[in-house]
1. Within the group Thr138, Thr109, which residue is of a type in the set (Ser, Thr, Tyr), open to solvent by less than 60 Å² (accessible area, probe 1.4 Å), part of a helix (DSSP H, G or I) and modelled with pLDDT of 85 or more?
2. With respect to Ala305, determine if the residue is modelled with pLDDT of 85 or more, surrounded by fewer than 20 Cβ atoms within 10 Å (Cβ to Cβ) and in contact with a helix residue (DSSP H, G or I) (Cβ under 8 Å, 6 or more places away or on another chain).
3. Considering each of Arg121, Arg73, Arg98 in turn, give the residue that is closer than 28 Å to Arg176 by Cα, surrounded by fewer than 18 Cβ atoms within 10 Å (Cβ to Cβ) and of a type outside the set (Gly, Ala, Ser).
4. Under 9 Å between Cβ atoms, at least 6 apart or on separate chains: pull out the pairs that start in segment 46-71 with a residue that is outside any helix (DSSP H, G or I) and at pLDDT below 85 and end on any residue that is among the charged types (D, E, K, R) and open to solvent by 40 Å² or more (accessible area, probe 1.4 Å).
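The values are calculated or read from the model by the stated rules, or taken from the named source; none is laboratory data. No experiment lies behind these values; they were computed from the predicted model shown. When we count neighbours, we look across all protein chains shown, and the Cβ atoms used for this are built from the backbone with ideal geometry, even at glycine. To get the accessible areas, we keep the full protein, side chains included, count just its heavy atoms, and leave off ligands, DNA and RNA. Shrake-Rupley method; radii C 1.70, N 1.55, O 1.52, S 1.80 Å.
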Amino acid sequence: MAAAAIREALARPLPVPSKELPPTSGLRRAPLLDAQARIAVARGDLETARVAARELEEVAIRFESTALAASARRARGELLLAEGDAVGASESFADAVRAWTEVGAPYETAECRLRLADAHRALGNLRAEAVERSAARTELDRIAQAPATDEAQAGTAEPDTFVREGDYWRVVFDGRRMTVRDSKGMHHLARLFAAPGREFHVLDLVAADSDDPIAAGRLSRVGDLGPLLDDRAKQTYRRRLAEIEEDIEDARADNDIARQEQTGLEREFLISELTRAVGLGGRDRHAGAASERARAAVTQAVRKAIGRLRDACPALGDHLDRTICTGTYCAYTPDPRAPSAWST
């Protein structure tokens, strides 16, 4: 049942109308591939495990993610151990342990240490096995005791933190600490966190991260190609939105699921386009050659940074998916009822 469920999830991804996070992207497939590799090994389906592990490795290389690389090495180790190659498995598990340690993921590190211990046992290295199991047990015990410690120190809990320390960023979210390698995307996120609710033009973000911010800032005054959507286009979009509401009601009355999905996707697209074209206060956002290049670069950098943060802490990745807006204008918009105040 698990094999069938994971195969269906990979074969039929849910449609998501987003240009910046397509539904079939490697980042969305990665956790499913990791799960598929483990399920396939447990089931004895080594060919499926091999294909999943190979694709996971390709995704890790494409996105230059340490956490994805750790998952890929773990998957490769599982496959090699099942094939009887304990030497290769021990090397893969050891690489995974090092990578998860670098990311700052104690549970995943301990989990891979246990699998490394299994590989040592297969090789007859009983002393090395005992060392790895002891290290894993110590870490798991510490994790198990952490909730009680957090409750006892609730009054002095470390706030959400996003601080650069050399080549890495120290990040704390909801009590969980992690370390993430420095990147342009992390710089952009730090600026957005420092001013919740404020819109930053991508050229301003690029200029702030440039070796010559004054020269980079001049780009914002050239190459203006006018509003992203003119008044006529906006009126057409809004008129079509009103029509779509009627279409959806008709589809619901007819129990036409396919039509409901299609019109729903069209509605989401139109809303996205209007949101992209109109800023705070209803002002038009303008397009330009420099702006478009900067928009693509900033969006890619921010999404890559969010992907790495998600690898280290899925809850933080979910939070950022909900609150980080990218495009020509970028912003961090936490829920005003439960804002997240970052120490930056």
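1. Thr109
2. No.
3. Arg98
4. Close Cβ pairs satisfying both conditions: Glu64/Lys304; Glu64/Arg308; Ser65/Lys304; Ser65/Arg308.
Okay, residues lined up against (1) in contact with a Cys (Cβ under 7 Å, 6 or more places away or on another chain); (2) over 29 Å from Glu292 (Cβ atoms); (3) at pLDDT 70 or above:
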position	(1), (2), (3)
Ala215	no, no, no
Asp224	no, no, no
Leu229	no, no, no
Thr236	no, no, yes
Arg239	no, no, yes
Glu245	no, yes, yes
Ile248	no, yes, yes
Asp254	no, yes, yes
Glu266	no, no, yes
